[in-house]
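Report on the structure given below.
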Amino acid sequence: MPDTAPNASVLAPQPTMPMLRLPAAERDGFRAGFRIISPLLPAIFSWGLVTGVAMGKSILTVPQAIGMSLMLYAGSAQLASLPLFAAGMPLWTILLTVGIVNLRFVIFSAALQPHFSYLSLPRRIVLGYVNGDLGFVMFMNQKFASGYVPGKEGTYYGIALSNWAVWQVSSILGIMLGALVPDSWGLAFAGTLALIPMMVHTITSRSTMLAVTLASVVGLLAFDLPYRLNLVLGVVGALAAGMVCDELTARHARRLALANSPTASHDGPPRDGAQTRNSGERGS
């Protein structure tokens, strides 16, 4: 008789095609990242608008200014290059200046490497492109562990993409409106005022305060250096000061933990007493 037993492969649940959507942890992380950066978005918008107006009033055409904003995505480097374009400096000088001003992103990338080294190269390139000063600071303040952590990549993109989107919208709007804004408005000073609350919001510890103070002092003392090298020196000095302060704080915390440990305060004497009793028993 023919075998009428049901085929096991028919009864087994058939695999379904994977859904093209982010895991729940990453979606939650993205929303958390947006909430983290959202208090700073108005200040980011104002700073991007000021930068866009400055670019719109430069010798660059509107398409050139928009292309620079999208490709470079670095306000300080964009502003540093505008006088060089106006002066007709050689392209290599402009590229060197922009590269030196943006050297801080090499330092940022080194700090992010332990968190995202497991990602593929294309994903790391995208991650690096959307990285910005405030996004980097706000992400590092979350104190994620190294390596893969559920929701960490989503949090990063929630912070970084929100920063990028607001910056680009405000910058392009400023470029389009640049020709309509008179020079007497003093927008450069307004941009500086917009940066102050963003900087203050990131100061959450003594190490950060020390880093900001040292960066400000070094930046002012080295202000006359060419190619905006004072910015690079300020960033390097701030990172060094912050790392030293964090290490000293961690050592102090470990010493306090050891001093207050119940094992250290109670286990030592009983062990000595037990050894004395054992020695007496052996002697008797």
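Quick rundown of the values:
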quantity: Net lengthening on full extension, residue 236/residue 32 (0.36 nm per residue, minus Cα-Cα); calculated: 70.5 nm
quantity: Positive-end residue, segment 24-186 charge dipole about Cα centroid, Cβ charges, pick of 96, 171, 128; calculated: 128
quantity: Length released on extending from residue 111 to residue 209, taking residue separation times 0.36 nm less the Cα-Cα span; calculated: 33.4 nm
quantity: Estimated inter-spin distance, residue 217 and residue 253, nm [label 7 Å along Cα→Cβ]; calculated: 2.5
quantity: Simple label model, 7 Å out from Cα along Cβ direction - residue 89 to residue 103, nm; calculated: 1.5
quantity: Extension gain from residue 224 to residue 161, taking 0.36 nm per residue of separation minus the Cα-Cα distance; calculated: 19.2 nm
quantity: Förster-model FRET efficiency, 22 Å R0, residue 22 and residue 173, C-beta, rounded to 0.05; calculated: 0.15
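Read-outs throughout are calculated quantities, based only on the coordinates presented, and are distinct from any laboratory measurement. Here the structure is a predicted model, which is why all the values come from computation and not from measurement. FYI the Cβ positions are ideal-geometry reconstructions off the backbone, even for glycines, and counts take in every protein chain you see.
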